[in-house]
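Note sheet for the following structure.
The values are calculated or read from the model by the stated rules, or taken from the named source; none is laboratory data. Computed from a prediction, not measured in an experiment: that's the story for all the values here. Cβ placement follows ideal geometry from the backbone for every residue including glycine, while neighbour counts extend to all protein chains displayed.
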Amino acid sequence: MLKRIAKELKGHAPFTALGALTGIIIMVIIVFGKVPPQISQTAFYTLHPIHVVLSALVTTAMYMQYRKAKIWAVILIGWTGSIGIATLSDAIIPYLGGALLHIEMDFHVPFIETSKMPVIGIEKWIVVNCAALLGIGLGYWKQTTKIPHSGHVLLSTWASLFYFTSFGTANWITLLPFVFLFLFLAVWIPCCTSDIVYPLLFIKEEPRPSLPDNDY
């Protein structure tokens, strides 16, 4: 399993770095375009639930490829693997990154927040948890991981970026190298863990050496 994890992390590093680079480009546009934090918040609370959907879809699909489990087990693994990892990737790591950079950051955990979502006006915890259930349903119905995992990486990168610009205030241009590092870390380990490592922890037999469906 350790060799499997190392192989997946190595294979996903280049695409994750590319995703982090797109995040840096977006941040430069936000800074020089003087985009207000409210727009970043709307973007964050739009991308985060979509990220949860894709994360739940891939986690569930990966698990179902190897084990036809009872529905309660599928829901439990899909929910914890998506909500937990998406929260870590999109909110907790950016918050900790801001703290390490001595940036004053607000801390948010969307899946338990009772305040209402921008634009649609529905409580955030309802939207995020329903997003997880939607992804689980899709992954249970069709076990595909190829396109969703690629989208998962990009959406996670952008959600993490918009957390920085939504809930932190700083001279971002001078901090871009550090932002790149935190964007990379926020996606690289959590997303691979959610999509690949986490569901395989619940499977007794040794997985096949390669999964063509997981290619980009």
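Give I120, I126 a once-over and let me know the one that is in a loop (DSSP other than H, G, I, E, B), at pLDDT 90 or above and either among the aliphatic types (A, V, I, L, M) or within 15 Å of the chain's Cα centre (by Cα) (or both).
Details: I126 fails: in a loop (DSSP other than H, G, I, E, B).
Unique residue meeting the criteria: I120.
I'd like to verify a number: residues in segment 70-83 that are more than 16 Å from the chain's Cα centre (by Cα) and under 10 Å from Y140 (Cα atoms), how many? Counting residues in segment 70-83 that are more than 16 Å from the chain's Cα centre (by Cα) and under 10 Å from Y140 (Cα atoms) gives 3.
The residue that is surrounded by the most Cβ atoms within 10 Å (Cβ to Cβ), counting only those in segment 89-108 that are closer than 11 Å to Y163 by Cα and of a type in the set (D, E, K, R), is D90.
Residue under question is L134, and the condition is that it be out of contact with any His (no Cβ under 6 Å at 6 or more places or on another chain), closer than 24 Å to F180 by Cα and in contact (Cβ under 8 Å) with a residue 40 or more places away in the chain; does it hold? Spell out how you get there, then give the answer.
Details: out of contact with any His (no Cβ under 6 Å at 6 or more places or on another chain): yes; closer than 24 Å to F180 by Cα: no; in contact (Cβ under 8 Å) with a residue 40 or more places away in the chain: yes.
Spelling it out, it is not the case that L134 is out of contact with any His (no Cβ under 6 Å at 6 or more places or on another chain), closer than 24 Å to F180 by Cα and in contact (Cβ under 8 Å) with a residue 40 or more places away in the chain.
When V187 is tested against (1) more than 18 Å from I85 (Cβ to Cβ); (2) modelled with pLDDT under 90, only condition (1) is not met. Against the list (1) modelled with pLDDT of 90 or more; (2) surrounded by 23 or more Cβ atoms within 10 Å (Cβ to Cβ); (3) not β-branched (V, I, T), the condition Y63 fails is (1).
Selection within segment 155-184: residues that are polar (S, T, N, Q) and in contact with a helix residue (DSSP H, G or I) (Cβ under 7 Å, 6 or more places away or on another chain). The member of this set that is modelled with the lowest pLDDT is S156.
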